[in-house]
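Below: one structure, written as structure tokens.
Values quoted throughout were computed directly from the atomic coordinates according to the rules given, and no laboratory measurement underlies them. None of the values given here were measured: they were computed from a predicted structure. Backbone-built Cβ (ideal geometry, glycine too); neighbour counts: all protein chains shown.
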């Protein structure tokens, strides 16, 4: 294939996309939205933490009624609590705004909930009343047991598993992170760029530009140039999404970690569990290479499919309806993911792994979880590359025939028959 | 390649779409510097022939050459093509689109942009370079379309139904631009239904009927082969019995008379005088291309099945 004018097509397509304000508005809206969400989460978490800190550092005036007998009057007094002589009256005082909070401890707090009557200080700030009740009971229990480790065992312990398989240390979920990213990347790529790929072959048709264009370049050059331009734009879009996230992660390492805590989480910042990004991520080169191969084959396959669909359809609107079917094929394996994970050798799993439209997602999922033999991963990638090549070949031929079929949908059969009957085509 | 090498050559060209034969064994050539008319009713194979010449269709059989070789988009051509189905990237800026097409035709980006700006100023759209095409009126878009077609002064212009959909102003502009290109030595191929344009612009023509060449030659040759001529006559008296001629229009004192092959205008005039007809004016002309069209296709240009 002569590459005459490939650079011109690529430059025009990339330039006209990147110079559109709508592109930047759309692309930047996602990271901006993420920043806003993270900021809100950070703020709410900080509020919750500060309220807990405040609670621990300062006394919070409250009344309580204790049917269990577990509450230590000493601890309660230290925390600002006063035993209510009349629980009903104490609760009523709160309802009438004369007191802030009243705790009603049941006879068996392990079976019944502690009833809290408290002032509404906002959706987030009101979480402090739950923290107050838990703190009161934990500190009272701790005083009675006299051993903080025993209290810790009762309130929750962390575990760390060392898994082995076939005499080798199994990396577990930690090794699924990087190969799993390729699955996320595939979804993002097709969802964000799919419509543009679909329009690649429709736009010239809709605008009646095809004939003028085809006297200056080979149709394959036009398609390849436009596909490369979509990839380039996709990379820019990915950078727009990732760079702010990475920068935030690097410059404010506590921000994302802190943001993972909810209002009910009473752990202080220094006790937070490590953020996934900063946590232990094991690198399994074989799985990562397999994931990259399957991702590339899958992405090319979807690209070829969308280009072929666009070549048949007369307008972007017609082509858009076909996009839904492609998306359905991508999401189908997710609905059956549990079945695939539980029994990766079942007939359904094998079918989804080998059927080209469901293969990329299923194979990437199985590979990420260590459920795909290496030979099978390589074979699936080869099948995807072969299928992608066939689709691109078909797409170019359909484009040759369909690009000047301005008003009606192209018949694939007729197009291929016409293509076969023409020497040199 | 010498100067006499045909700019276009078509030999035994056949085109089939499935079971349907659209063009059947067609052959013709276009010489350097001439204006060539490719004529025919709708569906006669004109556009198919041009598309095959430009490599958009691959022929079922035959040879189609441009400058002595099959058309290659990557070749060193200087081509301006205005297709019948035409348009531009409507959502893009005028200057960007024109520059892009200039680059595709082999111009440097900066030179294409400069050429485009000069052209826009020439046609009164100097301030529209940064406007999106979709914001331009239909007539303004047609001007841009014309600019894209004649970018970099091509030596070969192929115009498929060039005035189709054009308003009178742009039609005039188009004809002026074509005339300017022709005067500069360009070869022009026009596919048209407008027979007045054919008579005015074309040196030679090819009339296609059902995918075959029905008539081929200079305009005069084709006119002559479809009638010895036409006489417009103002007279007093009664016309004699037709011998070697027939009246196409006959009114009280006016007639349009078609001469049969082998009959010249002098013979008709002699018959009229001999019959005692007083001839007040006698205007002999060749058969018009419109009449030729009517004879071949049985309907007016632009009518008939697609």
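Quick notes
- Exposure proxy ranking, count of Cβ atoms within 10 Å, fewest first, for A:70, A:365: A:70, A:365
- For the residues B:240, B:83, B:32, a GNM of chain B with alpha-carbon springs under 10 Å puts the largest fluctuation on B:240.
- Divide the volume of the convex hull around the Cα atoms of segment A:307-401 by the residue count and you get 87 Å³ per residue.
- To the nearest ten degrees, helix B:94-104 and the longest principal axis of the Cα atoms of chain B are 90 degrees apart.
- Note: relative contact order over segment B:91-188, using C-alpha pairs below 8 Å and six or more positions apart, is 27 percent.
- FRET efficiency, 1/(1 + (r/R0)^6) with R0 51 Å, evaluated for residue A:125 and residue A:317 via beta carbons: 0.55
- Helical contribution to [θ] at 222 nm, DSSP H n ≥ 4, -39,500 (n - 2.57), averaged over the protein assembly as shown, rounded to 500: -16500 deg cm²/dmol
- Footprinting exposure proxy for B:172, A:16, A:287, A:98 (fewest neighbouring C-beta atoms within 10 Å first): A:98, B:172, A:16, A:287
- Shielding by partners - mean other protein chain Cβ count within 10 Å, residues of A:211-223: 6
- Degrees, to the nearest 10: B:265-274 long Cα axis against longest axis of chain B: 30 degrees
- Cα centroid separation, segment B:100-174 to segment A:71-109 (Å): 85 Å
- Working from Cα pairs under 8 Å separated by at least six residues, relative contact order for chain B is 20 percent.
- The angle between the Cα long axis of helix B:138-149 and the longest principal axis of the Cα atoms of chain B comes to about 80 degrees, rounded to the nearest 10.
- Tensor-based shape of segment B:227-286 (alpha-carbon gyration tensor, a/c under 1.5 rounded, otherwise prolate or oblate): prolate
- With Cα atoms defining each centre, segment B:54-93 and segment B:213-229 are spaced 29 Å apart in the structure.
- Segment B:15-60: relative contact order as a whole-number percent, Cα under 8 Å and 6+ apart: 38 percent
- Going from the fewest other Cβ atoms within 10 Å to the most, the residues B:287, B:218, A:303 appear in the order B:218, B:287, A:303.
- Inter-site label distance for residue A:40 and residue A:250 at 7 Å from Cα along Cβ, in nm: 2.9 nm
- Diffusion coefficient, µm² s⁻¹, Stokes-Einstein with Kirkwood Rh over alpha-carbon pairs of segment A:170-211 at 37 °C and 0.692 mPa s: 255 µm²/s
- Per residue of peptide B:70-76, the mean number of Cβ atoms on other chains within 10 Å of the residue Cβ is 4.
- Shape class for chain B: prolate, because the ratio a/c of the largest to smallest gyration tensor axis (alpha-carbon atoms, square roots of eigenvalues) is 1.5 or more and a/b beats b/c.
- Once both labels are positioned 7 Å from their Cα atoms along Cα-to-Cβ, the gap between residue A:289 and residue A:195 label points is 3.9 nm.
- Two-site FRET efficiency, residue A:337 against residue B:134, from Cβ-Cβ distance with R₀ of 41 Å, rounded to 0.05: 0.35
- Using 0.36 nm per residue and subtracting the Cα-Cα separation, the extra length available between residue B:183 and residue B:267 on full extension is 26.3 nm.
- Distance from the alpha carbon centroid of segment A:168-217 to that of segment A:286-321 works out to 6 angstrom.
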